[in-house]
Amino acid sequence: MDKRILNEKKHGKKIINVSGKVWGWESSAGQERWQRRVRMLTSHIEGGMRVLEIGCGTGELTKMFQNNNSRILSIDVSFDLIGIAKRKVKSDKVTFLLQDASNLGFAENSFDTIIGSSVLHHLEVDKALKEFYRVLRPGGSIFLTEPNMMNPQIVIQKNIPFIKKLSGDSPNETAFLRWSLKKKLEKIGFKDIELKNFDFLHPAIPKVMIPVVRYLGSFMESLPIIREVAGSIYIKARK
């Protein structure tokens, strides 16, 4: 088995009881960040769509749109995390599968949309993006959020091994530069590509400070140079 996949399986087992803390969703600021991502990733989904969710983890994103009459296929390589997702999400519209998003076992033109939160940076990026393109129907789109390598904390976290380990990262995960990722998408054939840096609301921000930081963050996201160091990248592209 691929060493990367083995590492991700071990990572899933390691964080099974602390996943919310590792992903930064447990604090009040973390919850607000998460809800924003949910809106960005799911607002386009309509009833009847066939949706592929990559890296579903514990099913936190899956449960947010299980009742909108779309057909959802959620995949992950971690048996431990997907086990939690299956217990959390009870819907006949959702199917969970153990599968690597870099090597999808689906026919061409199978899905209307592909979504994922902080997943692509765990994968073989070029291979995964080609797979996404292959299984999307013509006109179908990907909607992803990923860490931004221009953000100072992420630069340190992803590139200094002991800090990476201390932060709860898996050995192979990384982050992206917006322009580099755009070139990869263009090379594969994606159209209407939109990559937007966002998110200045850190999970450690005290609850009382959230309104102020939310306002300042929104302003900073509008500034051409400052927004380059935001924490995340929103990715949208069409086949």
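Overview of values
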quantity	calculated
Evaluation of Q157 against (1) at pLDDT below 95; (2) part of a loop (DSSP other than H, G, I, E, B); (3) in contact with an Asp or Glu (Cβ under 9 Å, 6 or more places away or on another chain); (4) not β-branched (V, I, T) (one fails), failing number	(2)
Pick from region 177-201, criterion over 22 Å from M40 (Cα atoms) and touching a residue at least 40 places away in the same chain (Cβ under 8 Å), ranking: surrounded by the most Cβ atoms within 10 Å (Cβ to Cβ)	I188
Unmet requirement for I210, which otherwise passes all of (1) hydrophobic (A, V, I, L, M, F, W, C); (2) closer than 28 Å to E131 by Cα; (3) assigned to a helix (DSSP H, G or I)	(2)
Selected residue (criterion: nearest to R137 (Cα to Cα)) from residues of region 34-84 that are among the hydroxyl-bearing types (S, T, Y) and in contact (Cβ under 8 Å) with a residue 60 or more places away in the chain	T42
Residue count, region 51-107 (criterion: assigned to a loop (DSSP other than H, G, I, E, B) and either over 14 Å from the mean Cα position of the chain (by Cα) or buried (at least 22 other Cβ atoms within 10 Å of the Cβ) (or both))	29
Some residue of region 92-101 being free of Cβ contacts under 8 Å to residues at least 12 places away in the same chain, out of contact with any Cys (no Cβ under 7 Å at 6 or more places or on another chain) and over 17 Å from T145 (Cα atoms)	yes
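The values are calculated or read from the model by the stated rules, or taken from the named source; none is laboratory data. The structure presented is a predicted model; accordingly, all values stated were derived computationally and were not measured. As a convention, Cβ positions derive from the backbone with ideal geometry for all residues, glycine included, and neighbour counts pool all protein chains shown.
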